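Participant: Please find one structure pasted underneath; my questions will follow.
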C-alpha cells in the first residue's frame with residue numbers, strides 16, 4: 001500500500017521521537033516508523049520478576065530543577081511532555097585501585113565541586129581557577145558565535161576568545177595539562193570520559209567541558225519513570241499533536257527520485273512517501289539501504305573514514321535487600337584498575353573501567369521496598385572482551401562476565417551482594433545489535449575522536465550528509481552521543497526540516 | 001611529579017587546521033559501499049542467536065502417552081534457517097500454526113538438549129479440552145509440514161550467580177518438559193548443578209519420558225515420582241508438598257524450580273512459604289494463559305458478562321465482543337485478528353498494545369508491564385480482562 005505524509009521519521013529512538021513531536025507541534029502530518037514493538041530505542045526498560053531494570057540510561061546532563069531548568073528540562077517542556085525528573089547532587093564517586101590510586105566523591109554546584117575536588121587534590125586551586133575561566137570563556141565564545149549566526153569575526157575570536165580556540169582544537173588531556181593539573185588531578189577530572197566514549201587524549205576538550213559544565217551546574221538528572229517513561233511521554237505528546245507511530249514496521253529501503261532526492265521509504269511491503277524523511281537510523285545503515293548511486297561519494301568516504309563509538313556490556317542485578325542493608329552508599333561509582341583514561345579505555349579485557357549505579361539511591365521507589373537494583377556498565381571499546389564468543393557459548397560468556405564483575409565490585413566496595421541476587425540479566429553488544437541494528441552494536445554512533453570530534457563536526461555542519469529530502473538525528477548525528485544531546489539533535493533536525501518546508505504549517 | 005606539574009603550552013592556530021585535517025581524512029578514505037551488517041561480529045551473533053523467526057520442518061512425531069505428542073523440529077534450510085538458535089535449558093519457543101485463514105501461536109518449552117540446538121528442538125504437546133492449537137497440532141500437523149517458530153525466550157533457566165547449587169524441581173504433568181532439557185543439559189556438561197526432580201502425576205501411566213528418566217545414571221540427578229493414585233515401588237504417594245520437599249532437600253540452601261498446571265504454582269508457593277524459602281530461591285516458569293482470573297487475590301468482578309472491543313491495527317479496524325473472564329488476546333484470536341503474542345503469561349511484552357480507551361483488569365501476579373506503561377495506558381492483552389468497552393491499538 002501507499003501512504004503519504006508530510007514527514008516520515010525512521011526510528012522511534014530519542015532523536016526520532018523528539019523530532020516527530022517537534023514537527024507535529026508545528027502542524028505537520030508526521031508518521032514515525034519503528035521496527036520494534038516498543039518506542040524509545042536505548043531509552044527503554046525491561047521487567048524481570050518484581051524488578052524493572054533501566055536498560056541503558058544512567059543519568060542525564062543539563063536537566064536542572066523546576067526553578068532553574070537546564071536545556072533538557074526546557075526541551076521536554078517545549079515538547080509538551082509531562083515527564084518528571086529528580087536531581088542527584090553528588091556527581092560521582094570514583095575509585096582507582098592500587099598504589100597512587102584514589103577514592104573521591106565529587107559534588108555538583110560550582111562551589112561544592114571545587115571544595116570536593118580540593119579536599120582530595122589540595123594545591124590545585126590555581127589550575128581550577130584557570131579551568132573555571134576557560135569554561136566561562138567557552139560559553140561566552142559560543143554566545144558570540146551564535147550572535148554572529150556562526151560567522152564570527154576571526155580577529156575577535158583570536159583576541160577575545162583564544163581560550164575557546166584552544167579548547168576547541170586540542171584534546172582534553174592536553175588542555176588540562178596546559179592548565180597545570182597533574183596526572184592524578186587529570187585522571188579524576190576526566191572520569192566522565194566514558195559518557196562520550198573516547199579517552200581524554202583523543203577527546204575534544206571543548207566537548208567535554210560543555211558536558212562538565214552541565215553536570216557541575218545542575219548535577220545529574222534522573223527520570224522518575226526510568227528512561228522508558230521519557231519515551232512514552234514523548235509518544236503521548238506526539239499522538240496528542242496528531243502524529244502517529246507504526247510499530248513492527250522495519251524500513252528496508254530509502255526511495256530516491258531521479259534528482260537523488262529522498263522521497264520516501266519502503267517498509268513491510270508498503271511505501272511511505274513524504275516531503276521529507278528524518279532518519280534516527282545511523283547513516284551507515286541508511287546508505288546500506290539506498291543504493292550506491294544515490295548517495296554522494298564524499299559522504300560515503302566520510303562514513304568509511306569514521307569509526308564506530310562504544311558499545312556496552314550491562315549487568316542488571318535485582319537484589320533482595322535494600323541498599324542500606326547491603327552497605328551500598330553511592331548512586332554512581334566509577335571503578336577502575338588503571339590510572340589514566342587511555343589505559344582505562346584500552347584495557348577492556350581486564351576491567352579497565354566500569355560503572356556501578358544504584359538507582360534506588362536517587363529514586364527510592366526504583367524497585368520494591370526492601371530491595372534495590374544495581375546496574376553495572378562496562379564500556380566495550382575494542383571488542384577484545386568478546387573474543388571467542390560464538391552462538392554456542394554466548395550464554396556461558398554472559399554468566400562468566402557477570403561473575404567476574406560482581407566479584408570485583410564486591411571486593412572494591414567492600415560489600416557482599418552474592419547471596420542476594422534475586423534477578424540477573426546481561427546485555428552485550430549482541431543485545432544492542434539486536435535491538436538497534438547498529439553496526440557493531442554501537443550505542444554511541446560514531447567515535448568522537450580527533451578529526452571526527454565535536455568541533456570538527458560542528459564546523460562541517462551543512463557540508464556533510466547534506467542529502468536532499470533527508471536529515472539525520474540521534475546519537476550518531478553531528479552533536480555526538482548522550483541522551484540530552486540526542487533529544488536536542490531531534491529538535492534541531494525537525495526545525496531544519498520545518499524551515500525547509502516553509503515554516504509552521506497552519507493549513 | 002616535577003615533569004607532571006609542568007604546564008604545556010598550546011597553540012590556538014591549531015583551530016585553523018581542523019577542517020583541512022578532516023577533509024584530508026575523508027579524501028583518503030575508501031569509496032566502497034557500506035559493508036553488510038552481518039559482517040560485524042555482534043550483528044552476526046545477534047542474527048544467529050535472536051533471529052526474528054525460525055523456519056522449521058516437522059520431523060518425527062512420537063506418542064509419549066495417550067494425550068501427549070513429542071514433536072521434533074528440524075531447521076528448514078531451504079527457507080533460510082541453516083541452523084537453529086542456541087537456547088538455555090528451560091526456555092521456550094512460540095510456535096505459529098495456521099488453520100484456514102487464521103494464524104495462532106503458543107509457547108512450548110524445549111525439551112531437547114541445548115547441546116543439540118543447531119540441529120533440532122523437541123517440544124511435547126498435551127492435547128487439552130477445547131484447546132485450538134493443541135487440536136491443530138494433534139490432528140492436522142504431520143511429518144514434513146513446515147512451521148514458523150520464534151527465537152528461544154524465557155527466563156526459567158539456571159543462573160549460577162543467582163541460584164543455589166542444588167535445585168529441587170517440582171514438575172506437574174507436561175510441566176516436565178523444561179526439566180527434561182535441564183537434565184540433558186547437566187548430563188551433556190552444558191549446566192553445572194544438582195537436580196532432584198519431584199515429578200507429580202495423577203497415575204503412573206501419565207508420567208512422560210519414563211524411558212529417559214528411569215535410565216538416568218548420574219550422581220547429580222535424582223528423580224522422585226509422586227503419584228496421586230496407584231503406587232509403585234520407590235515412589236511417593238500423594239502430591240508434592242512442604243514435607244516432601246523437605247525430605248529430599250539438602251540441609252543447606254537450595255532453589256525450588258516449578259513448572260506445571262496453574263493451580264500447582266499457587267500450591268507450591270504456599271508450601272515454599274511454610275519452608276521459609278526466600279523469594280530468590282523460588283523460580284516459576286511462565287504460567288501460560290490465565291484461565292481462572294477469579295482465583296486471583298486482587299480479582300474484581302465485571303459489571304457486564306461481556307464488552308464491545310474495537311481493535312485498531314495498521315490495516316484494519318475490527319469490532320468484537322470479549323467476555324469479562326476472557327483475555328483480550330483470546331477474544332481477538334477468536335474473532336480472527338492476528339495480534340502479536342508469545343509467552344501468553346504477561347511477562348514477555350510481545351503483545352504490548354495501547355489502550356486507547358476503556359478499563360482492563362490485569363491481575364497483579366501476571367502484570368509484567370513497566371511502571372510507565374501503566375501511567376501512559378499500555379496493556380499486555382494476553383493477561384488483560386475487560387472491565388468496560390475497550391478501544392485498543394495493537395502493533396500489527
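Nothing in this text is a laboratory measurement; each read-out follows from the coordinates by a stated rule. Since the structure is predicted, the reported quantities are computational estimates derived from the model, not experimental observations. Methodologically, a virtual Cβ is constructed for each residue, glycine included, from the backbone with ideal geometry; neighbour enumeration extends over all protein chains shown.
Participant: Taking 8 Å as the Cα distance limit and 6 or more residues as the minimum spacing, I'd like the relative contact order of region B:166-284 as a percentage. Mind dumping the intermediate values first?
Facilitator: On the way: 191 pairs, mean separation 36.5, N = 119.
Computed value for region B:166-284: 31 percent relative contact order.
Participant: Here is a follow-up. Take chain B, connect every pair of alpha-carbon atoms lying under 10 Å apart with a spring to form a Gaussian network, then pick out the residue of B:371, B:308, B:124 with the largest mean-square fluctuation.
Facilitator: Largest GNM mean-square fluctuation: B:371.
Participant: Can you compute the FRET efficiency between residue B:212 and residue A:325 using 1/(1 + (r/R0)^6), with r the Cβ-Cβ distance and R0 = 30 Å? Round to the nearest 0.05.
Facilitator: Working: r = 44 Å, r/R0 = 1.47.
Efficiency at R0 = 30 Å is approximately 0.10.
Participant: I would also like to ask the following. Need the full-extension length gain, residue B:44 to residue B:83, defined as separation in residues times 0.36 nm minus the C-alpha distance. One decimal, nm.
Facilitator: Details: separation 39, 0.36 × 39 = 14.04 nm, distance 1.32 nm.
Here the answer is 12.7 nm.
Participant: Given Cα pairs under 8 Å that are at least 6 residues apart, what percent is the relative contact order of chain A? All intermediate terms of the calculation are to be shown ahead of the outcome.
Facilitator: Numbers: 1033 pairs, mean separation 125.4, N = 507.
After rounding, I find 25 percent.
Participant: Now a separate question. Quick one: among B:192, B:367, B:211, which has the greatest mean-square fluctuation in a GNM of chain B with alpha-carbon springs under 10 angstrom?
Facilitator: B:211
Participant: Within region A:54-92, which residues have the backbone N less than 16 Å from the label spot 7 Å out from residue A:461 along Cα→beta-carbon, could you tell me?
Facilitator: Once the point is set 7 Å along Cα→Cβ of residue A:461, A:71-72 turn out to lie under 16 Å by backbone N, inside region A:54-92.
Participant: Another question, if that's okay. Rank the residues A:56, B:66, A:322, B:353 as a footprinting-exposure proxy: fewest other Cβ atoms within 10 Å of their Cβ go first.
Facilitator: B:66, A:322, A:56, B:353
Participant: What angle, in degrees between 0 and 90 and rounded to the nearest 10, separates the Cα long axis of helix B:262-274 from the longest principal axis of the Cα atoms of chain B?
Facilitator: For B:262-274 against chain B, the angle is about 90 degrees.
Participant: Which percent, to the nearest 5, of DSSP beta bridges fully inside the protein assembly as shown are antiparallel? Intermediate values should be presented prior to the final figure.
Facilitator: Numbers: 93 of 143 bridges.
In the protein assembly as shown, DSSP labels about 65 percent of beta bridges as antiparallel.
Participant: Moving on. Along its three principal axes, how long is region B:306-393 when you only count alpha carbons? Whole Å, largest extent first please.
Facilitator: The principal-axis extents, from largest down, are 29, 23, 21 Å.
Participant: Here's another thing I want to ask about it. Kindly provide the Kirkwood hydrodynamic radius of the protein assembly as shown in Å, to one decimal, from all pairs of distinct alpha carbon atoms.
Facilitator: Numbers: mean 1/r = 0.0340 Å⁻¹.
Answer for the protein assembly as shown: a Kirkwood hydrodynamic radius of 29.4 Å.
Participant: Can you tell me the Rg and Dmax of region A:28-118, counting just the alpha carbons, in angstroms?
Facilitator: 18.5, 61
Participant: How are the alpha carbon pair distances in region A:310-436 distributed across 5 Å bins from zero to the largest one, expressed in percent?
Facilitator: 2, 11, 20, 23, 19, 15, 8, 2, 0
Participant: Per Stokes-Einstein, at 4 °C and 1.567 mPa s, what whole-number D in µm² s⁻¹ belongs to region A:233-340, with the Kirkwood radius over Cα pairs as the hydrodynamic radius? Write out the running numbers ahead of the final one.
Facilitator: Values: Rh = 18.9 Å.
Translational D for this selection: 69 µm²/s.
Participant: Related question: How do B:123, B:240, A:415 rank when sorted from fewest to most other Cβ atoms within 10 Å of their own Cβ?
Facilitator: On the way: B:123 22, B:240 25, A:415 15.
Taking fewest neighbouring Cβ atoms as first place, the list is A:415, B:123, B:240.
Participant: Quick check: Cα centre of region B:3-60 to Cα centre of region A:362-378, how many Å?
Facilitator: 33 Å
Participant: Further question on the same structure: Please order A:170, A:58 by the number of other Cβ within 10 Å, starting at the fewest.
Facilitator: Values: A:170 24, A:58 20.
In increasing order of surrounding Cβ atoms, one gets A:58, A:170.
Participant: Over region A:310-436, calculate the relative contact order: mean separation of alpha carbon pairs under 8 Å at least 6 apart, over the residue count, as a percent.
Facilitator: Values: 205 pairs, mean separation 49.6, N = 127.
For region A:310-436, the relative contact order is 39 percent.
Participant: Could you give the alpha-carbon Rg of region B:1-87 over 2.2 N^0.38 Å, rounded to two decimals? If you can, show how the numbers build up before the last one.
Facilitator: Numbers: Rg = 28.8 Å, N = 87, 2.2 N^0.38 = 12.0 Å.
Against the compact-globule rule of thumb, the ratio is 2.40.
Participant: Computed FRET efficiency, Cβ-Cβ of residue A:82 and residue A:504, R0 30 Å: what is it to the nearest 0.05?
Facilitator: 0.80
Participant: Considering the convex hull of the alpha carbon atoms of region B:166-284, report its projected area averaged over all viewing directions, in nm², one decimal. Walk me through the numbers on the way to the answer.
Facilitator: Working: hull surface 27.8 nm².
It is 7.0 nm².
Participant: Same structure, new question: Kindly list the residues of region B:15-59 that lie in the label zone of residue A:154, defined by a backbone N under 16 Å from the point 7 Å along the Cα-to-C-beta vector.
Facilitator: B:15-21, by backbone N distance to the label point.
Participant: Sticking with this one: Kindly provide the Kirkwood hydrodynamic radius of chain A in Å, to one decimal, from all pairs of distinct alpha carbon atoms. Provide the component values of the computation, followed by the final result.
Facilitator: Numbers: mean 1/r = 0.0425 Å⁻¹.
23.5 Å is the Kirkwood radius here.
Participant: Could you give the spread of the C-alpha atoms of region B:48-149 along their three principal axes, from largest to smallest, in whole angstroms?
Facilitator: The principal-axis extents, from largest down, are 36, 30, 20 Å.
Participant: Here is a follow-up. Of all DSSP beta bridges in chain B, what percent run antiparallel (nearest 5)? Don't skip to the answer; put the middle values down first.
Facilitator: Values: 42 of 70 bridges.
Percent antiparallel among DSSP bridges in chain B is about 60.
Participant: Rg and Dmax of region A:386-489, Cα atoms, in Å?
Facilitator: Rg, Dmax (Cα atoms, Å): 19.1, 58.
Participant: Oh, and also: With no solvent and one equal point scatterer placed on each C-alpha of chain B, evaluate the Debye formula and give log10 I(q)/I(0) for q = 0.11 Å⁻¹, two decimals.
Facilitator: After summing over all Cα pairs, the log10 values are -0.87.
Participant: Oh, and also: Over all distinct alpha-carbon pairs, what is the Kirkwood Rh of region A:111-218 in angstrom?
Facilitator: Working: mean 1/r = 0.0696 Å⁻¹.
Averaging 1/r across every pair of different Cα atoms and inverting gives 14.4 Å.
Participant: So if we plug the beta-carbon distance of residue B:33 and residue B:228 into 1/(1 + (r/R0)^6) with R0 = 56 Å, what FRET efficiency do we get, rounded to 0.05?
Facilitator: On the way: r = 66 Å, r/R0 = 1.19.
Working from the Cβ atoms, E equals 0.25.
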